[in-house]
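The values are calculated or read from the model by the stated rules, or taken from the named source; none is laboratory data. From a predicted model like this one, the values you see are computed outputs, not experimental measurements. Cβ sites come from the backbone with ideal geometry, for glycine too, and all protein chains shown count toward neighbours.
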Amino acid sequence: MTDFCPDFSNPFYLLEQLRNNDDAAFRWLYVRCERVCMTYARPRTKLPDDDLSDVLQDTMVTFLVQLRTGKFTYQGVPIEQYVRSLFWKKCVDRWRKYRHERSMSSLQITDSTDPEQSAALALYGDLLAEGTARAEEKEIWLQRVETALSRLEPPCRELIENFYLARHSSKTVANMLGLSDGYTRLKRTRCLNTLRKQLLNEYALHDDA
Amino acid sequence: MNPDNDLLDELNDYLNDTLPPESRTQFEARLLTDEALRDELDLQRTIREGVLSLYYQNLVKNLHTELQTNGSFLPPVNGRSTPNKPENH
């Protein structure tokens, strides 16, 4: 008997497995991205490794959400290289934040080894500041959703996560949970409407209802 | 607007890009004229992105810790620890 060895070096297969929440695919990509990103960033920035690790994790979350929400389209660039470009923008963004908040006393990004980088820094300029504002707004929204989710009963949270995460039909989810399809759909809708109401009420969002 | 089962499925299929082409065209035509539907789509998009982000944050955090612990990452470089933080020995 031969062990099945998935070929994650095939980007189409890798992306499909990531969309399907394949644990092995996450590991494979994460290890490669860590190497590519750290190797790229270390000679170019004095941001400490702890910060680079934080940025890497944030980058991976961004990429995976982009993938699941259709905002990432594979265009031939190796996926780890795409992640690296996202990562580097976030590194520069973090550096700018440091500079504003701490006057950049001891942290600097150096570009002595990469003339391309100095051009990129100049180009990003205001875009990065705008990106920071967007990221902060997004962070607030994530906290709102997190708070609203945490107030739901665990079975409700499970149904909602299944609805958004698992790419299964409601029938498959119902089978997984040992419930009928009709009941699962009804319960899911009630749970989502509770979550929705909490978001709308607590944060004074407009509701046409 | 409190979306019912069918509308939730339709919104989710639209956001997942899994609506058949004809249904997608019809849905987009409704979006042009139905402001409440557009608001609902925005809200569902936000909730969906929030749920996905939270899920992936936990997944990536756990994966990072595990891979760091079992030595799958590049070795640390001297002098690159966070300033003002004690070194781990």
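Working only within the range A:8-30, note down all residues that are without any contact (Cβ under 8 Å) to a residue 60 or more places away in the chain, surrounded by fewer than 16 Cβ atoms within 10 Å (Cβ to Cβ) and under 16 Å from the mean Cα position of the chain (by Cα).
Residues of the range A:8-30 that are without any contact (Cβ under 8 Å) to a residue 60 or more places away in the chain, as a first pass: A:8-10, A:13, A:16-18, A:22-30.
Restricting the remaining residues to those that are surrounded by fewer than 16 Cβ atoms within 10 Å (Cβ to Cβ) gives A:9-10, A:13, A:16, A:23-24, A:27.
Residues satisfying the conditions are A:Asp23, A:Arg27.
Please tell me if A:Arg102 is basic (Lys, Arg) and modelled with pLDDT of 65 or more. Steps first, answer last, please.
On the way: basic (Lys, Arg): yes; modelled with pLDDT of 65 or more: no.
Criteria not met by A:Arg102.
Look at the range A:59-79 and say how many of its residues are touching a residue at least 24 places away in the same chain (Cβ under 8 Å) and either buried (at least 19 other Cβ atoms within 10 Å of the Cβ) or of a type in the set (Lys, Arg) (or both).
The first filter runs over the range A:59-79 and keeps only residues touching a residue at least 24 places away in the same chain (Cβ under 8 Å), leaving A:59-60, A:62, A:64, A:67-68, A:74, A:78-79.
If we keep only those that are either buried (at least 19 other Cβ atoms within 10 Å of the Cβ) or of a type in the set (Lys, Arg) (or both) too, we end up with A:59-60, A:62, A:64, A:68, A:79.
Matching residues across the range A:59-79 total 6.
Being farther than 23 Å from A:Ala166 by Cβ, within 9 Å of chain B (Cβ to nearest Cβ) and among the aliphatic types (A, V, I, L, M) is the filter here, so list the residues in the range A:44-67 that pass it.
Passing the criteria: A:Leu47, A:Leu52, A:Leu56.
State all residues of the range B:13-40 that are buried (at least 18 other Cβ atoms within 10 Å of the Cβ) and touching a residue at least 24 places away in the same chain (Cβ under 8 Å); if no residue qualifies, say none. Give the derivation first.
Step one: filter the range B:13-40 for residues buried (at least 18 other Cβ atoms within 10 Å of the Cβ), giving B:14-15, B:19, B:37, B:40.
Selection gives B:Tyr14, B:Leu15, B:Leu37, B:Glu40.
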